[in-house]
Structure formats: structure tokens, C-alpha cells
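Worksheet: one structure, shown below.
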Amino acid sequence: MKKKFAAAVIAAAMAGSLVGCSGELSNEYVTVKQYKGLEVPLVETTEVTDDMVEQTIQSNLSAAAERTEVTDRAAQTGDVVNIDYTGYLDGEAFEGGSAEGSDLELGSGSFIGATEDYAGFEDQIVGHQKGEEFDITVQFPDPYTNPDMAGKVADFHIVLNGIYTETVPELTDEWVQSNSTDSESVDEYREEIRGTLEDNYEASVESELGASVQSALLENLEIKSYPEDAVSEQVTQMTNYYTQIAGLYGMELSEFVESYLQTTEEDFNAQLEEGAQQSAAFDEAAKLIAEKENLEPSEEEYQEAMAEYAEEAGAGDDVDAYIEQVGEDTLKMAILRDAVTEYLVDECIQVEPSDDYE
């Protein structure tokens, strides 16, 4: 770690001596040709309406609905049923047509609807009892999201595991007090939801702009070489990440890459390498910009940011363990990257999208 830190200090020192009259910033890895006034596609902002607030509240109320099992009658429209199903075309099970333990509200229109010749998926479950196994026939709509299935007639074998009714609570001050830590009344809750939505939309805009300015900065770099240690470290981190994901599926990495990412191991490794190179190049540029614009956080600010990262990662109060696990240098680089990205967003110029951005 000390060697890497020393290398970063040396690189930063070199940056100061290598700034030319043209305003370009340069070190042994990259030359930043422009970083102020980067042009990025315009990001449309969203105004939170009363309807959005009410829809979110209704969604929250529905999520808090009390479920009661029905055992003395058949399923009917409005019930929630839990089913296993397997879809068949010409007697062969088709990909994406099967599930176990799936909840479905009858009458919601979530599944295949009725056509001129066939009743809808949900309609054909109505009237069946818990524990029944039965077959239904439906016709996919045309057009359909999957063109290969458009207009096709399919059979589904259904196992009806359970039938339930749901009681959605009313929005009252009492409900708010039991389900919100910030509000005591319905009016306060509406304002809380509005604020949350506004924060979410603002974060979405910032995220989109952040990605855009990072791409724009990369386009304004002259890359001399890549820091091999940084590239290798990032490739290793990403390889380990995907290896862990593959393990959750009970697979080796190579099998996961081919089955789920639908690419070859060779192309996968090439994409990791390219992504690591771009990330390392951006980090080198970020160091130069931070030095030039005095953006590097103080040690106290670094520590505060690392505590926030730990909290977001679910590490709780065990910040030291989180820092040890991730690596202090890695975290500091991420914090510096965020600071520079925020600066680039403030300095960027949003322009109407054109073919260049599609």
C-alpha cells in the first residue's frame, strides 16, 4: 500500500510540473485535453406531481396489506393465488414459461389476456380449489414483447398452492405513526413521500450526468499508457466478483459467463480488461484535475466519507472492518473520483441529444 501511495504522490507532483501553457494536464499515463465545459446530453428533470405521491402511497399501503388464506371456496377474481406453472408449445416446455411459488392477483391483467378464441390465463384459474392441478390453453397476443411467441397457442400446467384475500389498510394518522419514522399525520406523510420522490429523481439525474461526464472526459483524454498495477487490481476484483456470483448459481465462472452473460470466456476477459483500463485512465485524469482544482478532500473528509460508504454497504458501525476489507487506498480513490465527478457535473454543458449521443 505504501508503494502505491508514494506512486500516487509522485504522479500528483509530476502533474504540477507538466501543466503546459495550453491548459492541458498531463502525467506519465494520460493527457487531459479538456475537462471544463464538457458537453453531455441534456437530462430531463421530472416534476413530482400529486398523482405520483398518491400512487406511491397506495403502493406502500398495498405492500402492507394483511393476507388471509381462503380454504372454504374456489378462487375468484380479486383473490391472490400462489401457483406453480409450466408452459408448453407443441408439447415441449419453453424457456421462460415456468415458475414455482408465484403470486398472482386474479383480474390484475398481469398474465396473458383473453383472445377471440381463448380465455385469459387468470380467468381460467377462477373456480379452481387449493391443491388442484389442471391444464389451461391460452394464446399469446400479437404483437408480443417476444416476437417468437406472438400469436402462439400454448398450454400451461397449473398447480394451485393457495388462495388468499388481501386487506389493504386505510391511510390514517394511526397507520402513518406505525409505518413512518418521520411523520405523525397523513399530511406530513404526503410531504415525506414527496420529498423522497424528489430526492430519488434528483439522485437519478445526478447519476446520469455523472456517467455522461465520465464518458465525455474519457473522450478528451490522450492515453499514453495504463498503470499496470491498477488495471490488474481492478481485473482481479471484477473476476472475483463474478466468480462469487457464479458460485451462488452453483457454477464455475466459465459456465456462468456462457450461460448467463451469453458470451465467450475470451470476450468476457477482454471486456474486463477494457473496462479496467478505462477506469484506471479516468482515475489518473481525476488525480490531475483534483490537484489542479484543489478538490482532494481533507483527511477528516475522507474519514467521514468512508463512514458513509460503510453505512451504505450495511457495515453498520464497524467502519474499521469495512475499511480493512475494501482497502483504504481503494476507498480514498473512490471518494476522490466522486469529488471530481461532482465538479465535472457542475462545470458541464448540457445539450439537446443528437445522433452523436445515440
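As a summary of the residue check, GLY131 satisfies the conditions (1) closer than 17 Å to GLY87 by Cβ; (2) at pLDDT 95 or above; (3) not β-branched (Val, Ile, Thr) except for the one numbered (1). Of the residues ALA119, ALA99, the single one that is over 21 Å from ALA74 (Cα atoms) and open to solvent by less than 70 Å² (accessible area, probe 1.4 Å) is ALA99. Take ILE158 and tell me if it is among the aliphatic types (A, V, I, L, M) and open to solvent by less than 20 Å² (accessible area, probe 1.4 Å). So ILE158 fits the description; yes. Here is the figure for segment 23-74: residues that are in a strand (DSSP E or B) and open to solvent by 40 Å² or more (accessible area, probe 1.4 Å) total 5.
The condition of being within 25 Å of VAL30 (Cβ to Cβ) and of a type outside the set (Val, Ile, Thr) holds for only one of LEU253, LEU272, LEU248, that being LEU272.
Check LEU272, LEU288 and return the single one that is touching a strand residue (DSSP E or B) at 6+ places or on another chain (Cβ under 6 Å), assigned to a helix (DSSP H, G or I) and surrounded by 13 or more Cβ atoms within 10 Å (Cβ to Cβ). If you could, list the steps in order and put the result at the bottom.
Numbers: LEU272 fails: touching a strand residue (DSSP E or B) at 6+ places or on another chain (Cβ under 6 Å).
When all the criteria are applied, what remains is LEU288.
Here SER259 passes the criteria (1) surrounded by fewer than 13 Cβ atoms within 10 Å (Cβ to Cβ); (2) at pLDDT 95 or above; (3) of a type outside the set (Val, Ile, Thr) except the one numbered (2). Among the residues making up segment 161-192, those that are surrounded by 13 or more Cβ atoms within 10 Å (Cβ to Cβ), of a type in the set (Ser, Thr, Tyr) and in contact (Cβ under 8 Å) with a residue 60 or more places away in the chain are TYR164, THR165, TYR189. Just give me the residues in segment 136-151 being surrounded by fewer than 16 Cβ atoms within 10 Å (Cβ to Cβ) and not aromatic (Phe, Trp, Tyr), in sequence order. Hits for segment 136-151 are THR137, PRO141, ASP142, PRO143, THR145, ASN146, PRO147, ASP148, ALA150, GLY151. Please verify whether segment 193-200 includes one or more residues that are of a type in the set (Val, Ile, Thr), at pLDDT 95 or above and open to solvent by 60 Å² or more (accessible area, probe 1.4 Å). Scanning segment 193-200, I find at least one residue that is of a type in the set (Val, Ile, Thr), at pLDDT 95 or above and open to solvent by 60 Å² or more (accessible area, probe 1.4 Å), so the answer is yes.
Being in contact (Cβ under 8 Å) with a residue 60 or more places away in the chain, closer than 27 Å to SER225 by Cβ and of a type in the set (Gly, Ala, Ser) is true for just one of ALA285, ALA334. Which residue is that? Break it down into steps so the answer makes sense when it comes.
Working: ALA334 fails: in contact (Cβ under 8 Å) with a residue 60 or more places away in the chain.
Of ALA285, ALA334, the one residue that is in contact (Cβ under 8 Å) with a residue 60 or more places away in the chain, closer than 27 Å to SER225 by Cβ and of a type in the set (Gly, Ala, Ser) is ALA285.
Note on segment 203-254: residues that are touching an Asp or Glu at 6+ places or on another chain (Cβ under 9 Å) and either at positive phi or among the charged types (D, E, K, R) (or both) amount to 3.
Within segment 122-136, residues that are on the phi > 0 side of the Ramachandran plot sit with their Cβ atoms under 9 Å from residues that are part of a loop (DSSP other than H, G, I, E, B) and open to solvent by less than 80 Å² (accessible area, probe 1.4 Å), at 6+ positions apart or across chains, in these pairs: GLY127/ALA74; GLY127/ALA75. Name the single residue, out of those in segment 83-96 being more than 18 Å from GLN124 (Cβ to Cβ), of a type in the set (Asp, Glu) and in a strand (DSSP E or B), that is most open to solvent (accessible area, probe 1.4 Å). Among residues in segment 83-96 that are more than 18 Å from GLN124 (Cβ to Cβ), of a type in the set (Asp, Glu) and in a strand (DSSP E or B), the one most open to solvent (accessible area, probe 1.4 Å) is GLU95. Of the residues making up segment 24-71, those that are under 13 Å from ASN220 (Cβ atoms), among the hydrophobic types (A, V, I, L, M, F, W, C) and touching a Lys or Arg at 6+ places or on another chain (Cβ under 7 Å) are LEU25, VAL30.
Counting only residues that are acidic (Asp, Glu) and assigned to a strand (DSSP E or B), segment 117-144 holds 2 of them.
When ALA230 is evaluated against the numbered criteria (1) modelled with pLDDT under 95; (2) open to solvent by 50 Å² or more (accessible area, probe 1.4 Å); (3) within 18 Å of VAL30 (Cα to Cα), which criterion, by number, is the only one it fails? So the condition that ALA230 fails would be (2).
When GLU311, GLU301 are checked against the criterion of being open to solvent by 80 Å² or more (accessible area, probe 1.4 Å) and either at pLDDT 95 or above or over 22 Å from the mean Cα position of the chain (by Cα) (or both), GLU301 stands alone in meeting it.
With the structure loaded, tell me whether VAL80 is touching a Lys or Arg at 6+ places or on another chain (Cβ under 9 Å) and closer than 30 Å to ARG190 by Cβ or whether it fails that test. Walk me through how you get there before you give the answer.
On the way: touching a Lys or Arg at 6+ places or on another chain (Cβ under 9 Å): yes; closer than 30 Å to ARG190 by Cβ: yes.
Criteria met by VAL80.
Determine if segment 60-67 includes at least one residue that is in contact with a Pro (Cβ under 9 Å, 6 or more places away or on another chain) and charged (D, E, K, R). Scanning segment 60-67, I find at least one residue that is in contact with a Pro (Cβ under 9 Å, 6 or more places away or on another chain) and charged (D, E, K, R), so the answer is yes.
The values are calculated or read from the model by the stated rules, or taken from the named source; none is laboratory data. Model, not experiment: these values are computed from the prediction. A quick note on method: Cβ atoms are made from the backbone with ideal geometry, for glycine too, and the neighbour counts reach across all protein chains shown. Note: areas computed on protein heavy atoms with side chains; ligands, DNA, RNA excluded. Shrake-Rupley method; radii C 1.70, N 1.55, O 1.52, S 1.80 Å.
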